[in-house]
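Peer 1: One structure, as structure tokens, below. Some questions next.
Bear in mind that the values in this text are calculations on the coordinates, not laboratory data. These numbers come from a predicted model, not from an experiment. When we count neighbours, we look across all protein chains shown, and the Cβ atoms used for this are built from the backbone with ideal geometry, even at glycine.
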Amino acid sequence: MSRWDAPGPVLAVVGAGPTGVGVLERLAANAAELAGGGRLTVHLVDPHPPGGGRVWRAAQPSLLWANSLVADVTLLPDPSCTVEGPVGDGVTLAQWIDWVGRHLPDGDPVGEEARRLTPTSFPSRPLVNAYLSWVLAGAVDRLSPWADVVVHPRRAVDVRSDADGAEVALDDGTVLAVDTVLLAQGHLDAGPTAGERALAAAAARHGLTYLPTGYTADVDLAALAPGEDVLVRGAGLAFVDLAVLLTSGRGGRFERDADGVLRYLPSGDEPVLHVGSRRGVPYRAKLAYTWAGPPVPLRFLTPAGIEAAFGATRRLDLQADLGPLLARELAWAHYAELFRAAPERTRLSWDEFAERLAAAGPAAARRLVAAAVPDPADRFDLVALDRPLADRWFPDGDRLQEAVRQHVRADLTRSADPRHSSDAAVFVALLQSFGTIGALLAAGRLTPESESEQLTGWFMNLFSYLASGPPGPRLEELLALSEAGVLRFLGADTQVVLDEEAGLFRARSASTPGETPARALVDARLPRADVTATRDPLVAALLARGDARERVLPDPTAPSGARRTGRLDVDADLRVVRASGLPDPRLLALGAWTSGPQVAGFSRPRTNAPFFRTNDALARRLWHSLAAAGRPVAAEVA
Ligand SMILES: Cc1cc2nc3c(=O)[nH]c(=O)nc-3n(C[C@H](O)[C@H](O)[C@H](O)COP(=O)(O)OP(=O)(O)OC[C@H]3O[C@@H](n4cnc5c(N)ncnc54)[C@H](O)[C@@H]3O)c2cc1C
């Protein structure tokens, strides 16, 4: 075992993905003002190379893309950010591509890709990794007058702290003596749930293949044989990754025919994927254009609107109370942009329409829209958007395939057409609403059930479906796979059972008669974030000793009197809360896996994103506490 002491204050950051890098960047930015006393040592711990970390690591097929447009990603704050620390102009992913990526030498795959990308392309994950690594290198460089950053390519397995300091144990036996630890561990792996274990055992009894939830790039897909029928539960982003790895990843190619239609040329090594989900269709395509705005200000989901509707104190049910307000908000954004950008497609002045829409109940609003917006394609109907196959029945599977393909084609055409900029306004309104809901969560205004179930369930699912779907080119590939017979859609409300008698999985749906039997099933989803189910040794050790706890919400309406959130409990200063209820002043945690601020993905440039505000405030607190640490020097490596 080796022990690593350093003179001066010491910070350990566990997890070197976007969150960890974002905090280091803010530490660097605030150093000139706040660094005092001895030279800081920062230990950056991650088994994956720092910068991209696990999700964005270079060592994964460049076939896997980000589902964010090049133009929509920044890890550096810009002048829109209202933070206390200094901000520069920010270098966005798009600028990095122009200034750095394109000039990488011939033969460097990132350079080759960068030269092909435009602001409305979707970058590969290895290219995003190169940007994140560049941001990290810049932060380390800017920190160098005040701090040394030491990278440990290891997993942290435990943290212990007391009044004198803290120790971080790494999986090679190294112990880092530190003053403060920041856990930025992001997407934690989960052990199988009881249901997954039972299904895996039953599948094994019958010699069937079952691949449970997981991070697709890490799942071993070798068990899925060429030509084999494979049932897939989930039509979101994990499914898109799965389809890519099992088709292009197995040597298949896409080519455009003379009519410009994308065709799939199979390699013969791909299985046949039968995909089903509650909606039965893939997520909506990411918009393929950038929208200059102006964004439509929120009108209903504002503090004043919420107080007018529900008073200032009552706990709110996310789905029952705020769901209808959200639907009104999105409709409002849609029509405000339609009337602004395309008044010739409307029959009233915006002022008159707006006044009547704001006052109307659901039925009156429908009548108003029917009279004022002649083209049904220009009307907003959240229910129909959300469940496109609801109430539709197809006499056979082939007709279902054609209907889903038509749906995807229509979505693709629309998502690339700035004439429908009202969709972009809805997207921005959804992002803004996300902010409002986050603020209500932080203020303790949501009911325990909303916080524990509806937020990650109903709301995030709707958000992801509408606003965080796959890149358009991916949907075009799914269409080509479907035309080639490599991919088949099972329909809405898909159910899969294991038929013990026949020793087969069977899938059926609410969209078409009949069943699809198969010997393989994949659950194409990330595991539910749950700190109590994680295989991460560090988090497990903290919970086992009572040095940390899951955030659990008392709720007299729940059968057990409480609701679990699956998230690590942190206080308002991001200090990890012990089982005793007291925060640990030396142990902090940040990221979507904690009860702190929820950042779902990359920040968009010029949006004063919460990511930067949280990181800046945290970095400043860290400098204050580290500058005051004044630990004795005991430099020794044994
Ligand atoms: C498959 C996938 C695709 C995504 N695509 C997009 C996208 O296209 N656009 C978007 O905006 N967002 C996307 N996201 C969301 C993603 O959460 C964020 O982009 C971002 O990666 C979150 O950063 P993070 O640092 O909080 O977590 P992570 O990126 O998960 O990084 C956490 C790091 O902590 C390390 N770690 C964990 N435990 C330990 C330990 N015990 N010791 C040491 N290190 C540890 C991990 O190795 C990892 O590198 C995607 C997420 C996933 C899972």
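Peer 1: Taking a cut-off of 15 Å, what percent of all Cα-Cα pairs in region 443-494 are separated by more than that?
Peer 2: That tail contains 67 percent of the Cα-Cα pairs.
Peer 1: Which value in deg cm²/dmol, rounded to the nearest 500, describes the helix-derived mean residue ellipticity at 222 nm for the chain, given -39,500 (n - 2.57) per DSSP H run of n ≥ 4 and division by the residue count?
Peer 2: After summing the helix terms and dividing by the residues of the chain, the value is -10500 deg cm²/dmol.
Peer 1: Which of the peptides 297-310, 18-31 is most tightly packed, and how do the rest follow, going by the mean number of other Cβ atoms within 10 Å of each residue?
Peer 2: Result, highest mean Cβ count within 10 Å first: 18-31, 297-310.
Peer 1: Taking only complete DSSP H runs, can you tell me which helices of the chain stretch 20 Å or more along their own long axis by Cα positions and average at least -1.0 on the Kyte-Doolittle scale?
Peer 2: 18-34, 125-143, 323-341, 421-442, 610-627
Peer 1: Further, regarding this structure: Distances over 20 Å make up what percent of all Cα-Cα pairs in region 407-461?
Peer 2: Counting pairs separated by more than 20 Å, the tail of P(r) holds 43 percent.
Peer 1: State the Cα centre-to-centre distance between region 546-617 and region 444-475 in whole Å.
Peer 2: 18 Å
Peer 1: Still on this structure, please answer the following. Which whole number in µm²/s is D for region 262-312 by Stokes-Einstein, with the Kirkwood Rh taken over Cα pairs at 10 °C and 1.306 mPa s?
Peer 2: 94 µm²/s
Peer 1: Test of understanding: what is the full-extension gain from R115 to A443, defined as 0.36 nm times their sequence separation minus their Cα-Cα distance? Walk me through the intermediate numbers first.
Peer 2: On the way: separation 328, 0.36 × 328 = 118.08 nm, distance 4.58 nm.
Here the segment from R115 to A443 would lengthen by 113.5 nm.
Peer 1: Looking at region 3-160, I'd like the Rg to Rh ratio, where Rg is from alpha-carbon atoms and Rh is Kirkwood's inverse mean 1/r.
Peer 2: Numbers: Rg = 16.5 Å, Rh = 16.6 Å.
Computed over Cα atoms, the ratio is 1.00.
Peer 1: Only bridges with both residues in the chain count here: give the DSSP antiparallel percent, nearest 5.
Peer 2: If I count the DSSP bridges inside the chain, around 45 percent turn out antiparallel.
Peer 1: Once the Cα gyration tensor of region 349-410 is diagonalised, what are the square roots of 5 times its eigenvalues, in whole Å and ordered largest first, as equivalent ellipsoid semi-axes?
Peer 2: 33, 12, 8
Peer 1: Then there's this: What number, in percent, do you get for the relative contact order of region 303-467 if the mean sequence gap of Cα pairs under 8 Å and at least 6 apart is divided by its residue count?
Peer 2: Across region 303-467, relative contact order equals 40 percent.
Peer 1: Additional query: Please report, for the Cα atoms of region 64-142, the Rg to one decimal and the Dmax as a whole number; what are they, in angstrom?
Peer 2: Cα-based Rg and Dmax for region 64-142 come out at 12.9, 43 Å.
Peer 1: So, one more: With the Cα gyration tensor of the chain in hand, give its eigenvalues times 5 under a square root as the equivalent ellipsoid semi-axes, listed largest first in whole angstrom.
Peer 2: On the way: eigenvalues 326, 192, 140 Å².
So the three semi-axes of the chain are 40, 31, 26 Å.
Peer 1: Which whole-number percent is the relative contact order of the chain (Cα, under 8 Å, 6+ apart)?
Peer 2: Relative contact order here is 24 percent.
Peer 1: Which whole-number percent of Cα pairs in region 536-638 have a distance greater than 17 Å? Before the final figure, lay out each step's value.
Peer 2: On the way: 3355 of 5253 pairs.
Roughly 64 percent, once rounded to a whole number.
Peer 1: Starting from the Cα gyration tensor of region 303-467, multiply each eigenvalue by 5, take the square root, and state the resulting semi-axes largest first in whole Å.
Peer 2: On the way: eigenvalues 161, 109, 41 Å².
After scaling each eigenvalue by five and taking roots: 28, 23, 14 Å.
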